[in-house]
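What follows is a single structure, written as structure tokens, with notes after it.
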Amino acid sequence: MLRPFSRSLRNSIWALSAVALSAAIVFTALPGQALEARLNKNRPVLGDTIVVEVANVVGTDLKVSLDGKNYPTFPISNGRYRAFVPTTPLDKAGGKTIQVTDSNGQRQLPFQLGGRSFRTQRIWLPPGKDGDLGTDYEFDLVDAFKALVTPQKFWNGTFARPAKGSVTSEFGVLRYYNGVFADDYYHRGVDYGGWTGAPVYSPAGGRIALVGREADGFEIHGNTVGIDHGQGVLSIMIHLNSIDVQEGQMVQAGQKIGSIGTTGSSTGPHLHWGLYVNGAAVDPVPWRYDGFE
Ligand SMILES: [Zn+2]
């Protein structure tokens, strides 16, 4: 279920926030020096990555936050900065406000986070099979990988399809287990069908930051490759058959990193590609069709 992603959606609206007149006097900001901030999309929906661009920053303590959580900022062109704010199917749709602050002032960026209906699955587990798979070794390595925020940016332009097969399960699918809604579950990636041994490619440039093997305790993820694209953007490829890369190795977009398998907690050969932005699994589809810089 690929969501067509119109470029017109990206038409930016500069929120040159209305500086209260009194505040302008108090801060004696010179024309053109007031903090500016904008969102790249005016109608984000659950699972979208929101881009915040900031200009005319004063001082060194720039902060971008939503609901009390700070998101890292990185310099882009012309003295501007950019932060990615991830959203997920677990977020509540509705009115939200991103705060941008520097040494000199603050900007509020109100926006509407649109709802979205995700497909649901009903899973019936036999008694006693309560998902006790997974080792501390596996969870510790995967958690450390998902927390990476590397200052360099290794990707360029849109992300490539990591496997040739068709999408068998899209991002965001929700689940009921034995009739009970699993309120912290959503499908944190996209599944591609394929035969065991079919190639898996890196969707973008990056550094291999995680290699995990079923034989070493990756009981759930199976054979796993984690790619650090930089600046808090990470791909995780799981259930692999073979792995062609080593930790620390740099890879390019389209480079083969392994092959499709059914290792770990998997019922048949497929690739699961999860795309994490600042620790949250976002919808990879906009990254494939629209691109983020
Ligand atoms: Zn999956």
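Read the figures in this text as sums done on the coordinates, not as results from a lab. Everything quoted here is computed from the prediction, not taken from an experiment. Because the Cβ atoms are built from the backbone with ideal geometry, glycine has one as well, and the counts that use them run over all protein chains shown.
Points worth noting:
- Qualifying lysines (Cα of each under 19 Å from Cα of residue 256; at least 8 residues distant if same chain): 164
- Relative to the longest principal axis of the Cα atoms of the chain, the long axis of helix 136-146 makes an angle of roughly 30 degrees.
- Descending semi-axes in Å of the chain, equivalent ellipsoid built from Cα gyration tensor: 37, 21, 17
- 80, 207 arranged by Cβ crowding within 10 Å, fewest neighbours leading: 80, 207
- Approximate spin-label separation residue 265-residue 92, in nm, with each point projected 7 Å along Cα-to-Cβ: 2.8
- Mean separation of Cα contacts under 8 Å (6+ apart) over length of the range 55-155, as relative contact order %: 22
- Each residue, residue 133 and residue 195, gets one label point 7 Å from its Cα in the Cβ direction; the gap between the two is 2.4 nm.
- Average Cα contact separation per residue, the chain, under 8 Å, 6 or more apart, as relative contact order %: 17
- Neighbour counting of Cβ atoms within 10 Å sorts the residues 201, 176, fewest neighbours leading, into 176, 201.
- Net lengthening on full extension, residue 116/residue 175 (0.36 nm per residue, minus Cα-Cα): 19.7 nm
- 13 Å cut-off, amide nitrogen to a point 7 angstrom out along residue 158 Cα→Cβ, residues in the range 256-293: 285-292
- Cβ crowding within 10 Å ranks 221, 272 as 272, 221, fewest other Cβ atoms first.
- Look at the dipole of the chain built from charges on Cβ: of 193, 101, 180, the Cα furthest out on the positive end belongs to 101.
- Full extension of the chain between residue 60 and residue 213 gives 50.9 nm of extra length, using 0.36 nm per residue less the Cα-Cα distance.
- Stokes-Einstein, applied to the Kirkwood radius of the range 149-252 over Cα pairs at a viscosity of 1.567 mPa s and 4 °C, places its translational diffusion at 86 µm² s⁻¹.
- Using the Cβ-Cβ distance between residue 150 and residue 124 with R0 set to 35 Å, the FRET efficiency from 1/(1 + (r/R0)^6) comes to roughly 0.25.
- The range 116-171 versus the range 42-65: alpha-carbon centroid distance in Å: 25
- Anchor residue 92: lysines whose Cα lies under 26 Å away (excluding residues fewer than 8 positions away in-chain): 41, 63, 69, 146
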